[in-house]
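A short worksheet on the structure shown next.
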Amino acid sequence: MNIHLVRLTDEYREQLFEMLTEWKNDIIENQTDMSPRAIWTNDFHDFENYVEKLEVKEENESGWVPDTTLFCLDEDRNIFVGAVNIRHYLNEGLLRTGGHIGDGIRPGERRKGYATAMLALALEECKKLGIDRVLVCCDKDNVGSAKAIVKNGGVLENEVEEDGHVVQRYWIDN
């Protein structure tokens with residue numbers, strides 16, 4: 001597996017469009033999750049605007065904290081297999097059920113080990129940001145995410161019920 005995290009530039013326009021088009025169709029057809037939400041905040045078809053607004057630079061009135069969004073590039077196939085959104089610090093909502101890292105693997109690449117590898121890369125990025133203790137959350141019924149978190153050293157602290165579903169909160173010492 002030859003993957004790494006990249007910032008979105010014009011060089012990766014085609015990879016972004018292919019991944020998000022596949023993902024959007026899966027969301028519509030199968031009602032799947034839209035994680036990380038940061039990649040869905042703006043219309044990717046307006047690429048320049050999408051890139052400009054992809055990351056939050058400073059905390060805003062909507063409660064969004066500064067973040068970094070990176071895409072997981074499979075070098076061998078030259079495709080995006082997923083994305084991560086790293087929140088630089090936690091506000092009350094993120095501490096409760098959001099965590100430092102939101103991530104997702106495109107539908108056609110799930111169950112191939114990418115989530116575990118991508119989370120390991122995201123943890124390296126957290127280190128660069130000075131985040132020594134990382135909170136990662138997932139829905140209780142998302143067994144794949146829970147496995148990826150545990151494989152990266154995640155320790156379940158507790159479960160929190162919110163909006164009718166249970167969120168598991170894991171801490172990783174980084």
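A few remarks follow.
- Close contacts from the stretch 1-28, counting a first residue that is free of Cβ contacts under 8 Å to residues at least 40 places away in the same chain and more than 16 Å from Glu75 (Cβ to Cβ) and a second that is part of a helix (DSSP H, G or I) and open to solvent by less than 30 Å² (accessible area, probe 1.4 Å), with Cβ to Cβ under 6 Å and a gap of 6+ residues or different chains, come to Arg13/Phe47.
- Ile39 falls short of the stated requirement of being over 28 Å from Val166 (Cα atoms), touching a Phe, Trp or Tyr at 6+ places or on another chain (Cβ under 9 Å), open to solvent by less than 50 Å² (accessible area, probe 1.4 Å) and not aromatic (Phe, Trp, Tyr).
- A residue that is touching a Gly at 6+ places or on another chain (Cβ under 8 Å), on the phi < 0 side of the Ramachandran plot and buried (at least 18 other Cβ atoms within 10 Å of the Cβ) cannot be found anywhere in the stretch 46-59.
- Qualifying residue in the stretch 111-129 (condition: free of Cβ contacts under 8 Å to residues at least 24 places away in the same chain, in a helix (DSSP H, G or I) and open to solvent by 50 Å² or more (accessible area, probe 1.4 Å)): yes
- Residues in the stretch 32-54 that are in a loop (DSSP other than H, G, I, E, B), of a type outside the set (D, E, K, R) and closer than 17 Å to Ala115 by Cβ: Thr32, Met34, Ser35, Pro36.
- Qualifying residue in the stretch 53-66 (condition: closer than 20 Å to Asp103 by Cβ, at pLDDT 95 or above, touching an Asp or Glu at 6+ places or on another chain (Cβ under 8 Å) and of a type in the set (Val, Ile, Thr)): no
- When residues in the stretch 135-157 are screened for being hydrophobic (A, V, I, L, M, F, W, C), out of contact with any Phe, Trp or Tyr (no Cβ under 7 Å at 6 or more places or on another chain) and more than 17 Å from Ala83 (Cβ to Cβ), 3 of them pass.
- Within the stretch 1-31, the set of residues being under 21 Å from Ala115 (Cα atoms) and open to solvent by 40 Å² or more (accessible area, probe 1.4 Å) comprises Met1, Asn2, His4, Arg7, Phe17, Glu18, Thr21, Glu22, Lys24, Asn25, Asn30, Gln31.
- Val143 being open to solvent by 80 Å² or more (accessible area, probe 1.4 Å) and more than 18 Å from Pro36 (Cα to Cα): no
Okay, residues lined up against (1) in contact with a helix residue (DSSP H, G or I) (Cβ under 6 Å, 6 or more places away or on another chain); (2) open to solvent by less than 10 Å² (accessible area, probe 1.4 Å):
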position: Asp76; (1), (2): no, no
position: Ile86; (1), (2): yes, yes
position: Ile105; (1), (2): yes, no
position: Arg133; (1), (2): no, no
position: Cys137; (1), (2): yes, no
position: Lys147; (1), (2): no, no
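- Within the stretch 149-174, the set of residues being surrounded by fewer than 19 Cβ atoms within 10 Å (Cβ to Cβ) and either hydroxyl-bearing (Ser, Thr, Tyr) or in contact with a Gly (Cβ under 8 Å, 6 or more places away or on another chain) (or both) comprises Trp171, Asp173.
The values are calculated or read from the model by the stated rules, or taken from the named source; none is laboratory data. Quick caveat, the model's predicted, so the values are computed rather than measured. Cβ sites come from the backbone with ideal geometry, for glycine too, and all protein chains shown count toward neighbours. What goes into the accessible areas is simple: the full protein's heavy atoms, side chains included, and nothing from ligands, DNA or RNA. Shrake-Rupley method; radii C 1.70, N 1.55, O 1.52, S 1.80 Å.
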